[in-house]
Every structure is written in structure tokens, then in C-alpha cells.
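Colleague: Structure incoming, see below.
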Amino acid sequence: MLRLSLPARIGSAAALLAVVGVVAAPAFGARTHATGTAVTVTATDFHFKVSKTSVPHGSVTFTVVNKGKLSHDFAIAGKKSKLIKPGKSGTLTVTLKAGKIAYKCTVAGHAAAGMKGSLKVT
């Protein structure tokens, strides 16, 4: 069995940690970037409550929870969720650019009744 001195063992351990750090860093960075931002949208009759009023640009996943008595959807940046029945939820993932982005419910009359707003994208 090969025995290494204490300084040699410390040097070997430091080299191993450096290699692991170099190899693992891109994987951790990619995973964090790929997940994007999550926002919960609670729909009631006739109001949206968003969990965040500002998000970073990039991929954003909206989880829409319908706590109202009517069906609703959620539209933002040219994309729209499915029609969500009372007591149900759905998701919508969009890529947002920086700016002020409007959102609304596209069911006839719902936006006019108050189901609309805007999100700040930084």
C-alpha cells in the first residue's frame, strides 16, 4: 500500500476539489438558469392576485389557481393558458423580455370587470 505524507494528501485533496468544482459548476449554473422563475396567480371573480409584481427576464412559469365560481384563463405576452374551471389550476410558461407586460383574462367581459394588470420584467 502506498503511503503519502500529510502535505501530499492535502495537495491531492485540494486538486481533486478543484477538478470537481470546475466540472460541476457549469451543471449547477445551467440547472439554475433553466428552471426560470415561478409565479402563482390566484384568480377570483373578477380579480387576479399575482405572487410577484416584478420578475427577471427569461422563462417564467405561471401557476394559475382558480378560486372563483366561474372559469377563467390567464393571458400574457401573446400566450394564453387553457380555460381553468373553478377549483382547478393550470400552468403557462412564457419567455419574457424586459419591460412592463400586460396580463388579462380573455373570457368575454372579465378583463373589463377587473381581471387585468401588468407585470414588471427586469
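The values are calculated or read from the model by the stated rules, or taken from the named source; none is laboratory data. Please read all numbers here as calculations on a predicted model, not as lab measurements. Neighbour counts run over all protein chains shown; Cβ positions are idealised from the backbone, glycine included. These accessible areas exclude ligands, DNA and RNA; they are computed on the full protein's heavy atoms, side chains included. Shrake-Rupley method; radii C 1.70, N 1.55, O 1.52, S 1.80 Å.
Colleague: Anything in segment 80-114 that is open to solvent by 100 Å² or more (accessible area, probe 1.4 Å) and of a type outside the set (D, E, K, R)? List them, or say none.
Modeller: Those that are open to solvent by 100 Å² or more (accessible area, probe 1.4 Å) and of a type outside the set (D, E, K, R): Leu83, Thr95.
Colleague: Looking at segment 41-57, which of the residues that are open to solvent by 70 Å² or more (accessible area, probe 1.4 Å) and farther than 18 Å from Val121 by Cβ is nearest to the chain's Cα centre (by Cα)?
Modeller: Among those residues, the one meeting the criterion is Lys49.
Colleague: Of everything in segment 67-114, what is among the aliphatic types (A, V, I, L, M), touching a residue at least 12 places away in the same chain (Cβ under 8 Å) and out of contact with any Gly (no Cβ under 9 Å at 6 or more places or on another chain)? Give them in sequence order.
Modeller: Hits for segment 67-114 are Leu70, Ala75, Ile76, Ala77, Leu92, Ala98, Ile101, Val107, Ala113.
Colleague: Could you list, in sequence order, all residues of segment 64-101 that are touching a Cys at 6+ places or on another chain (Cβ under 8 Å) and closer than 21 Å to Thr37 by Cβ?
Modeller: Residues satisfying the conditions are Asp73, Phe74, Ala75.
Colleague: A follow-up question, please. Just the residues that are crowded, with 20+ Cβ neighbours inside 10 Å and either charged (D, E, K, R) or more than 12 Å from Ala111 (Cα to Cα) (or both), please, taken from segment 69-79.
Modeller: Asp73, Ile76 - these are the residues of segment 69-79 that are crowded, with 20+ Cβ neighbours inside 10 Å and either charged (D, E, K, R) or more than 12 Å from Ala111 (Cα to Cα) (or both).
Colleague: Here is a check on your reading of the model: is Lys120 open to solvent by 70 Å² or more (accessible area, probe 1.4 Å), outside any strand (DSSP E or B) and closer than 19 Å to Gly36 by Cα?
Modeller: Details: open to solvent by 70 Å² or more (accessible area, probe 1.4 Å): yes; outside any strand (DSSP E or B): no; closer than 19 Å to Gly36 by Cα: yes.
No; evaluated as a whole, the condition is false for this residue.
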